[in-house]
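The values are calculated or read from the model by the stated rules, or taken from the named source; none is laboratory data. Since the structure is predicted, the reported quantities are computational estimates derived from the model, not experimental observations. Ideal geometry is used to build each Cβ from the backbone, glycine not excepted, and the neighbour counts take in all protein chains shown.
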Amino acid sequence: MILRLQHIGIVVKDCEEACRRVEELLGLECEEIRTTESGGKMLDARVMLGNDMWLHFMENWNPESRYYEMLDDGETAILEHLTFETDDMEGAVEHLREHGIEPYKNKTFDARDGYETFYLKGENPISDVLGVTIELIEPHPTSRGYGYAEGEEKAKSDLREGHGEHS
């Protein structure tokens, strides 16, 4: 089941400049600027919006990344993805498969921010309807800003064992 829109992903030319401008113009502060994503080839930051939702800025300099060439036309930022939180990743992925929609690389990634499944723009009807890549995420015990009730951590971990790694 989809619970909510969790965050909006924006590829930026300069993560620190994007953070500076959002704070200057909108009074919103970036937090958790990370330098360890994508093997150290990406900066990313969260801008909390006050309603348990955030903007996710991503600056990437890895030529093998799908983000790398998005800003070639002199743009400084582009809306890249919408992330919907689910409490049942397997059920959500299966539901889309029943409609002939397969996820990116046909897998769910076990990433630091949660269990993630991507549907790339231009590769399936759901992304084409919304005009951007769609990410489904199911938070887990090591996700940023998430915690589980006692005993739930083990259950979630057992449920997702063997789902692969984020690339």
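May I ask you to list pairs of residues, at least six apart or on different chains, whose Cβ atoms are under 7 Å apart, with the first in the range 42-66 being in the same structural domain as Thr133 (by TED's automatic domain parsing) and the second being outside any strand (DSSP E or B)?
Qualifying pairs under 7 Å: none.
For the range 12-44, which residues satisfy the criterion of being at pLDDT 95 or above, within 24 Å of Asp72 (Cα to Cα) and surrounded by fewer than 13 Cβ atoms within 10 Å (Cβ to Cβ)?
Across the range 12-44, the qualifying residue is only Arg20.
Looking only at the range 82-91, how many residues end up being touching a Lys or Arg at 6+ places or on another chain (Cβ under 9 Å) and either among the hydroxyl-bearing types (Ser, Thr, Tyr) or at pLDDT below 95 (or both)?
Summing the residues that are touching a Lys or Arg at 6+ places or on another chain (Cβ under 9 Å) and either among the hydroxyl-bearing types (Ser, Thr, Tyr) or at pLDDT below 95 (or both) in the range 82-91 gives 0.
Could we say that Glu75 is surrounded by fewer than 12 Cβ atoms within 10 Å (Cβ to Cβ), farther than 21 Å from Gln6 by Cα and either without any contact (Cβ under 8 Å) to a residue 40 or more places away in the chain or of a type outside the set (S, T, N, Q) (or both) here?
When the stated conditions are applied, Glu75 passes them.
Within the range 1-75, which strands (runs of 3 or more DSSP E) (wholly inside it) include 3 or more residues that are under 23 Å from Asp110 (Cα atoms), of a type in the set (A, V, I, L, M) and within 16 Å of the chain's Cα centre (by Cα)?
Fully inside the range 1-75 and qualifying: 2-12, 42-48.
Which one of the conditions (1) under 23 Å from Asp44 (Cα atoms); (2) β-branched (Val, Ile, Thr); (3) in contact (Cβ under 8 Å) with a residue 40 or more places away in the chain does Thr117 fail to meet, given that it meets all the rest?
Every listed condition holds for Thr117 apart from (3).
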